[in-house]
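This report refers to the structure that appears directly beneath it.
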Amino acid sequence: MLKPLVAALALAATSALFACSHEDSQPEETEEAQQPVSVADLTGRWAFVYDADRKAAVEAEISKKVSDPKERAAAFEEAAREAAASEVEFTADGEYISRIDDKEIFRAPPLEVERVDGRTLHTKPMKGGKIPSIALTLVNDDTLVMTDPHKGDLTFRRVK
């Protein structure tokens, strides 16, 4: 039951993939973090961070859809489990892959960079414009923030 919700969250993160994130929601940047980035800087796997703000947002969405307290509690647990098992990967050739439980749920072709604003890459639209220009903000070597226009800031930590 919850797989579609979490998959929708992951797909929403993928579709909007990454608009500029809010300054006040990011850790402080170091001088090193202020250097311009490239798709190569993103190469690797990134685990989804299910922090208190994200958990509250997900639980609020679930609460709108599930009224039974037992079902809602089970849905909260499943969302937390799936969030813990969610990750994205940027391959060496620039592909974007989203996974839950190591199962691929979305793959985008190699990203093309439209422009760079400091630590944020803006990609060209993909698939005939169905996936808009994406902004990826590399806060530091181990923290990536994507802002989904519907879900807000999505934070990832580098794992590989």
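The values are calculated or read from the model by the stated rules, or taken from the named source; none is laboratory data. Because the structure is predicted, anything quoted here is derived from the model rather than measured. In this analysis, Cβ positions are derived from the backbone assuming ideal geometry, glycine residues included, and neighbour counts consider all displayed protein chains.
Miscellaneous remarks
- Scanning segment 77-117 for residues that are assigned to a helix (DSSP H, G or I), without any contact (Cβ under 8 Å) to a residue 24 or more places away in the chain and in contact with a strand residue (DSSP E or B) (Cβ under 9 Å, 6 or more places away or on another chain) yields a total of 0.
- Qualifying residue in segment 49-64 (condition: of a type in the set (Ser, Thr, Tyr), modelled with pLDDT of 95 or more and under 16 Å from ARG157 (Cα atoms)): yes
- Selection within segment 118-132 - on the phi < 0 side of the Ramachandran plot and part of a loop (DSSP other than H, G, I, E, B): ARG119, LYS124, PRO125, LYS130, PRO132
- Scanning segment 133-152 for residues that are crowded, with 16+ Cβ neighbours inside 10 Å, touching a residue at least 24 places away in the same chain (Cβ under 8 Å) and either assigned to a loop (DSSP other than H, G, I, E, B) or in contact with a Gly (Cβ under 8 Å, 6 or more places away or on another chain) (or both) turns up ILE134, LYS151.
- Criterion applied to ARG45, ARG115, ARG157, ARG99 was being within 15 Å of the chain's Cα centre (by Cα), surrounded by fewer than 14 Cβ atoms within 10 Å (Cβ to Cβ) and among the basic types (Lys, Arg), and the one residue passing it is ARG157.
- Complete set of residues in segment 61-76 that are surrounded by 12 or more Cβ atoms within 10 Å (Cβ to Cβ) and part of a helix (DSSP H, G or I): GLU61, ILE62, SER63, LYS65, GLU71, ARG72, ALA73, ALA74, ALA75, PHE76
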